[in-house]
Amino acid sequence: MKGNSLGYLTKEGFRSVWVNRLMSLASITVLLACLVIIGTGAMLFFNINELLDVVESQNVVMVYIQDEATELETSTVGLAIKSIDNVEECEYISKEDAYKAQLASMGEDAALLEGLENPLPNAYKVTVKDLEQFDSTVEEIKKLEFIETVRENSDLSEKLLAVRQAVTYIGAALVLLLFIVSVFIIANTVRITMYNRRLEISIMKAVGATNSFIRWPFVVEGITLGIISGLISFALVFAIYQAIIYFFRNIISLLGTQPVEFFRYGWWILLIFICVGVFTGGFGSAVSMGRYLKEQGSVVSND
């Protein structure tokens, strides 16, 4: 196509959005619904992931040092723990500090322990980076010298890992399903539009218009509808997310975490919405139009 023809056909695509506004509204509504579900689900996924990170950070390993270990040997153990790749943080807790914290937690009952010798050992509070390597990290720690005992909760780490994987798989499956639905609906909506304009297409074919000449306005129309859907969906997701945060703010605070700020991921969501809109609109229109022209042949009937 020449530049003048391309410009004309592009304008026709934009004009078609308004001329066929009822069909355009149907396409926008359907794609918008899918994108809003995807966007809202994505923000909820980010919040669940944030909550899991908080819980994971509390899933620590307590490493208790032998009483007979010297101060130098105890420090050496700490350095050895910190050198392990999967260790995020290693905090030393002296027996004196641990005993004071224990007394403080007992309140008035702490008087019962007055005069007794401190029975607690020196310890290290270890936080791991990757829960998938939790068991192997604990085994590495246990092999170190001057270790009395290691207290860990492997069951919790396994459950957290299972929850994270389940949330990831379910989220990915939902996004893929809605994406396929969006492409299917856009393609069928364009197909209905083409059926309504079959006489116009027939005349264009009769005067020698090529398939690409006929197809381009529909592709432009589909892309335009996709972009409009993406922009409106982004605004709706923002409004819905803010409403969810407002109504569930008390529950969120009880969980000991803060909701993820929308624009931390918002601009990426907008970019993805635009890309999805352009792809579903353009691809759906092109595929549907190609099939229609192939089925109808060189002349489209007006029956």
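Only the coordinates and a few stated rules stand behind these numbers; no lab work does. Predicted model, so just to flag it, every value in this text is computed and none were measured. Neighbour counts are summed over all protein chains in view; Cβ atoms, including those assigned to glycine, are modelled from backbone coordinates with ideal geometry.
Please work out the Cα center distance from segment 213-274 to segment 76-100, rounded to the nearest Å.
So the two Cα centres are separated by 44 Å.
Sorted by average packing, counted as other Cβ atoms within 10 angstrom per residue and highest first, what order do 214-226, 86-98 take?
Working: 214-226: 24.5, 86-98: 15.1.
The peptides rank, most packed first, as 214-226, 86-98.
If a/c stays under 1.5 just call it rounded; otherwise compare a/b with b/c (prolate if a/b is bigger, oblate if not). Do that for segment 26-96, with a ≥ b ≥ c from the square roots of the Cα gyration tensor eigenvalues. Intermediate results must be reported in sequence, preceding the final value.
Details: a/c = 8.22, a/b = 4.65, b/c = 1.77.
Cα axes put segment 26-96 in the prolate bin.
Of Lys95/Lys129; Lys100/Lys142; Lys95/Lys143; Lys82/Lys125, which pairs sit farther than 19 Å apart, going by alpha carbon to alpha carbon?
Lys95/Lys129; Lys100/Lys142; Lys95/Lys143
What translational diffusion coefficient, to the nearest whole µm²/s, does segment 209-261 have by Stokes-Einstein, given a Kirkwood radius computed over alpha-carbon pairs, a temperature of 4 °C and 1.567 mPa s viscosity?
Working: Rh = 14.3 Å.
Translational D for this selection: 90 µm²/s.
Using R₀ = 22 Å, calculate the FRET efficiency as 1/(1 + (r/R₀)^6) where r is the Cβ-Cβ separation of Met62 and Glu117; round to 0.05. Don't skip to the end; give the middle numbers.
Working: r = 21 Å, r/R0 = 0.96.
Calculated transfer efficiency: 0.55.
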